[in-house]
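The next block holds one structure in the form of structure tokens; read it before the comments.
Where a number appears in this text, it was derived from the coordinates with a stated rule and is not lab data. Since the structure is predicted, the reported quantities are computational estimates derived from the model, not experimental observations. As a convention, Cβ positions derive from the backbone with ideal geometry for all residues, glycine included, and neighbour counts pool all protein chains shown.
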Amino acid sequence: LVEGVHFSQDSAPWPDVGWKALAVNVSDIAAMGGEPLFALVTLALPADTPVQAVDELYAGMRECAAEYGVTVAGGDIVQAPQVAITVALIGQAQISDDRPLLLRRDGARPGDLIAVTGTLGDSAAGLRRLREGAPTDDPLVRAHLRPRPPLALAREAARIGISCGIDVSDGLLQDIGHVCEMSKLGADVRAEALPLSAELRAAYPDAALALACGGGEDYQMVFVGPGEKVEQLKRQAEVPLAVIGQVTDVPGEGVRLLDASGDEISLPSGWEHLRGQALRPGSGQA
């Protein structure tokens, strides 16, 4: 997490920055169905950084570590002109019959269902709310500052035999597009099936769908698998799990967002880091 890119000291309390720095890495381990173990933390700090700020940052990180069973085992501190927090998180896969149980991007098959945990767009809406002056206890702001990856459900998905998954970090459509690219297939996503929170609908009724599809940083999980496996996971889930679409046997088509009539909707699909801009469907995500 880089100051001025991923957070601002004016709006993000240090404990929340620490929580998020570790949580986004937990999400990467969850995205493969693994178990996070040890974290190494590198802090880049200006010379005038208050010690209290570092203490608060690590307090938030410790909270996240305790929730997800992670040990912060060490790291490094360097001087830099702006704050940056880099976490290297080591995890392990579950093993069955000497085989690792992993969620992979290339594991989709034609006809597989696409399901997503939680609600979408809350984090992007929370960032907007922060910029508009909302307090840090606003529900949407909390979703942005303190993401909670569904680690336990991701591990259960891998355990029951779902072989394809990804976390929603750069935007729902873009991240599903990564699955399409690696699996050499297409996907249809139903706009009316996307899980949107009441808070998102109330705060930004006209932008709710766009935020859910391309806002990013929700750190929810997308699971792609046979219908019976997805339904089994849904019955066992302790967090909401919504079926939002299906994999199609159309290589190169990428992700199509469809309205209730089956017509395609064009919306930004997510964030591309090196260009620093939102992508539109078909512009590079698949």
Quiz item: Which whole-number percent is the relative contact order of segment 166-229 (Cα, under 8 Å, 6+ apart)?
Solution: 57 percent
Quiz item: If you project the alpha carbons of segment 1-41 onto their three principal axes, what span does each projection cover, largest first, in Å?
Solution: 35, 16, 13
Quiz item: Kirkwood-based Rg over Rh for segment 1-159 (C-alpha set), two decimals?
Solution: 1.01
Quiz item: How large is ³J(HN,Hα) for each residue in segment 160-167, as worked out from phi by the Karplus curve 6.51 cos²θ - 1.76 cosθ + 1.60 (θ = phi - 60°), to whole Hz, x for Gly and Pro?
Solution: 8, x, 6, 10, 10, x, 7, 8
Quiz item: Antiparallel as a % of all DSSP beta bridges within segment 36-166, to the nearest 5?
Solution: 55 percent
Quiz item: On full extension of the chain, what length is gained from Arg131 through Leu40, given 0.36 nm per residue of separation minus the C-alpha to C-alpha distance?
Solution: 29.6 nm
Exercise. Go through Leu120, Pro81, Ala93 and say which Cα lies farthest out towards the positive end of the charge dipole of segment 78-131; charges sit on Cβ, +1 for Lys and Arg, -1 for Asp and Glu.
Key: Pro81
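Let me check against my output: what whole-number percent is the relative contact order of the chain, with C-alpha pairs under 8 Å and at least 6 apart?
23 percent
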Quiz item: Whose amide H sits under 5 Å from the amide H of Gly75, counting only residues 5 or more places off or on another chain, with H placed in the peptide plane?
Solution: Val41
Exercise. Would you grab the residues whose amide H sits under 5 Å from the one on Leu185? Only those 5+ places off in sequence or on another chain, please, with H modelled 1.01 Å from N.
Key: Gly252
Self-check item: Val78 versus Val5: modelled label distance in nm, points set 7 Å from Cα along the beta carbon direction
Solution: 1.3 nm
Exercise. Pairs of Cα atoms under 8 Å, at least six residues apart: use those to get the relative contact order of segment 75-152, whole percent.
Key: 19 percent
Quiz item: Using alpha carbon coordinates only, what is the Rg to Rh ratio of segment 105-211, with Rh defined as the Kirkwood radius?
Solution: 1.01
Quiz prompt | Beta bridges by DSSP in the chain, antiparallel share as percent, to the nearest 5 | solution = 70 percent
Self-check item: With Cα atoms, 0 to 90° folded angle of helix 172-183 axis to the chain main axis
Solution: 60 degrees
